[in-house]
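Worksheet: the structure to be examined is printed underneath.
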Amino acid sequence: MSSSLDYVEIPSCATRLQPLSSGNGEEIRPAPKVLTSLPRPSQHVSTPSFSSITSPTLSSHGQSGSNMLSPSKLAFTTIPQLLLISTLQVPANAPPAPRTAKGVQRLLSTRDPLSIPSTTVNFKRFVARVGPVFWLQDRLEEILMWRKGTRYTTVWMAAYGFLCYFPRLVLLLPHVAVLSVMLVMHPALHAADSDDAAKSEVPTPPPAQTSEGSVDWFANVQAIQNLMGAYSDVHDYVQPVIPHFTNHSPYSPVILTFVLASLFLMVPVVYLLPIRTTFLILGLAPLVCTHPFVRLSLFPALLAGAHPIFTSLRMRLTRIIDDDRLEDKHWRSEMKEVELFENERWMASGSNDDHSNPDAGWSKANLKPADRKPWTRGRDGWSGITGDGSGDVSNLTFSLAPGWLFVETEDWRPDLEGTWIAPSHVDGNGWVYTNDAWLDPHPAPLEEWWSSGLTRRRRWTRRIYCDPELAKQ
């Protein structure tokens, strides 16, 4: 049979089979399998599911037993998801995202529909990437509040003044910013010797993102928490002023008139103001006001000296408003002013529990039997009003002479200037503080009075007018 085969062609890709009896130990084995992960698309998933939220974290930490998360740390990593699931209840009939015409892009706030998985993922991504924003916020706060000393902030003030003198250099700020970042991060500035310089030739990998559950990650969460609180405080502070600009307040017409008048007055003045000097003053004024000496020493001293002036202006403005509300019968009649005194005593709390003594603090119920009455017409503190005086001023019986009536368009006003006593003896609300015997008046209670006894009083005024027809009856 072998004579029938002249030759056999061996393919070039053939592998020679070794006999089993050979002692070289080489056997036919299958090719080894190499396990690798699949490629990750660069953030192209629009709305991942809950499995896609938790599986990367668990798989990344589950590669080795030494990298497994402890139960407490694993609980911290799922805080955003659990918090959103428990607080954000999306109704089943929630409206979908609004439709727009073809080719028209949606607004960023309505681009994606409301979804707990999307909110959880975006929150985690935001926390991991928001660090540079708060870093910039801290650096700006250091400049504005003089946190790093006078020289540091003065350099920035000088740079701002230079830009005000040469405003065209503002166009070069993007180039200066990029060059500054590249020069600061250049390896040559951080190389201590030749070995470090040689190592710096190797490209430095980009900084890794903040891992979830790390110290930096929780620092970002803390910064977000504080920023939300600060924004809420500013909103609550500005909210009472907003109705005055929305025609929901009696002061809206006055503000509108003032703004229009000042607008027409400022139009010719704009062309007379030196624009560079104006921007220099407007830019440096906030930095001067936030200096520690100005903020902690100069401003309090100026406000203390100007407090009587501001109080006097406030009282005169209140009287102008009251005069504007008077009717014709009031202007044609004789008017006088009557006074009323409010008296209170301080009582300390008997224990740390505020409910143990409901009258703790300033109260008329703390007055002793031999003390002044809560409300009195006379300055002596004992004469003048019918009743126990435990209620409001409007509920007290205040007798007037025949033919005299209270002005109906106004109410009792506190004497903030302290015209019945030295103006330097009253605080911002018109109170005069005295010792246990109602002596030694001061604008603020002394330290030794808190243990021996502390009282206070203030004066209220209201105008009355005479009705001749009523006097004849």
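The values are calculated or read from the model by the stated rules, or taken from the named source; none is laboratory data. Keep in mind the model is a prediction, meaning the values are calculated, not measured. Please note: Cβ atoms are built from the backbone with ideal geometry, for glycine as well, and neighbour counts cover all protein chains shown.
Values computed for the structure shown
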{"read-out": "Test: residue in segment 446-454 that is in a strand (DSSP E or B) and not β-branched (V, I, T)", "value": "no"}
{"read-out": "Pairs, first over 14 Å from Q225 (Cα atoms) and surrounded by 12 or more Cβ atoms within 10 Å (Cβ to Cβ) in segment 119-140, second at pLDDT below 90 and of a type in the set (S, T, N, Q), C-beta under 7 Å, six or more apart", "value": "T120/Q81; A128/Q209; A128/T210; R129/Q209"}
{"read-out": "Within segment 267-283, tally of residues that are more than 22 Å from A159 (Cα to Cα) and either touching a residue at least 24 places away in the same chain (Cβ under 8 Å) or aromatic (F, W, Y) (or both)", "value": "1"}
{"read-out": "Residue within segment 248-261 that is under 30 Å from L416 (Cα atoms), outside the structural domain of W135 (by the TED database) and not aliphatic (A, V, I, L, M) present", "value": "no"}
{"read-out": "Single match in I421, I464 (criterion: outside any loop (DSSP other than H, G, I, E, B) and surrounded by 11 or more Cβ atoms within 10 Å (Cβ to Cβ))", "value": "I464"}
{"read-out": "Filter result (more than 21 Å from V181 (Cβ to Cβ), modelled with pLDDT of 90 or more and of a type in the set (D, E, K, R)) within segment 102-153", "value": "K124, R125, R147, R151"}
{"read-out": "Residue selected from segment 230-261 under the condition surrounded by 10 or more Cβ atoms within 10 Å (Cβ to Cβ) and among the polar types (S, T, N, Q), by the criterion nearest to I143 (Cα to Cα)", "value": "S232"}
{"read-out": "Boolean, D392 is under 21 Å from R462 (Cα atoms) and at pLDDT 75 or above", "value": "no"}
{"read-out": "Residue tally, condition closer than 19 Å to K368 by Cβ and either in contact (Cβ under 8 Å) with a residue 12 or more places away in the chain or in contact with a helix residue (DSSP H, G or I) (Cβ under 6 Å, 6 or more places away or on another chain) (or both), over segment 442-457", "value": "9"}
{"read-out": "Qualifying residue in segment 172-180 (condition: out of contact with any Cys (no Cβ under 9 Å at 6 or more places or on another chain), surrounded by 10 or more Cβ atoms within 10 Å (Cβ to Cβ), closer than 30 Å to S211 by Cβ and hydroxyl-bearing (S, T, Y))", "value": "yes"}
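A quick yes/no check of all residues on (1) more than 23 Å from D467 (Cα to Cα); (2) modelled with pLDDT of 90 or more; (3) surrounded by fewer than 14 Cβ atoms within 10 Å (Cβ to Cβ):
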site	(1), (2), (3)
S297	yes, yes, yes
H307	yes, no, no
K336	no, yes, yes
E342	yes, yes, no
A365	yes, no, yes
D380	yes, no, yes
T386	yes, no, yes
T397	no, no, yes
L400	no, no, yes
